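The values are calculated or read from the model by the stated rules, or taken from the named source; none is laboratory data. No experiment lies behind these values; they were computed from the predicted model shown. Quick reminder, even Gly has a Cβ in these numbers, built from the backbone with ideal geometry, and neighbours come from all protein chains shown.
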Amino acid sequence: MNNNSFAVTEPVARLIDEFSKLPGIGPKSAQRLTFYLIRMPYDQAQALAEAMLAVKERITFCQRCQNITEFNPCTICNNPRRDSSRICVVVEPLDALAIERTNAYKGLYHVLHGVISPMNNVGPSELRIAQLLDRIREEEVSEVILATNPSLEGEATAMYIHRLLGGLVPQVTRLARGLPAGGDLEYADDVTLTRALEGRQEF
Ligand code: ZN
């Protein structure tokens, strides 16, 4: 940590260092957050620290779909009324939530936890792609729906997975166009998302 402006004491330097490990937080933002926290009422700082620990203690990844969950397997994977022959591959847990909101999909999910992004040093091995392939080999899957965002990275990630799936699944589909290009699935309105699901096309 470069602290050429003034010497900070150990706990301050340590917090700046911890903040700067977070995605999108540079040294400047890490300093700003640290000093904000120092001025914060004690109760509020404690609530923040406790909320962070509660998430780490109570939330885990579903062993089957990799979604975040308090129960393992998650309530979707564990629901016998869901169509387990379909897997909808999404980038983030919030994308699965957006699709759930539409009530138009009764299959299962697989959460990648990111997209392939050479610019941000994210390669395929950083995503939960290996777990997806394991699932497809072990489960009876008739359709994989690639529901990544219609962005450059989302498309590239879908193409990459599609290539790996060759021969493993009878049908691989992609959400229909109509989602705002470059937009995030999680912000799409229910009607648009339902149409994109219903109009999904063979990859
Ligand atoms: Zn699950």
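Pro150 meets the conditions (1) buried (at least 18 other Cβ atoms within 10 Å of the Cβ); (2) modelled with pLDDT of 90 or more in every case but one. The failed one is (2). Spot the failing condition for Gln131; the list is (1) touching a residue at least 40 places away in the same chain (Cβ under 8 Å); (2) within 22 Å of Thr194 (Cβ to Cβ); (3) outside any strand (DSSP E or B), and only one is missed. Among (1) touching a residue at least 40 places away in the same chain (Cβ under 8 Å); (2) within 22 Å of Thr194 (Cβ to Cβ); (3) outside any strand (DSSP E or B), Gln131 violates only (2).
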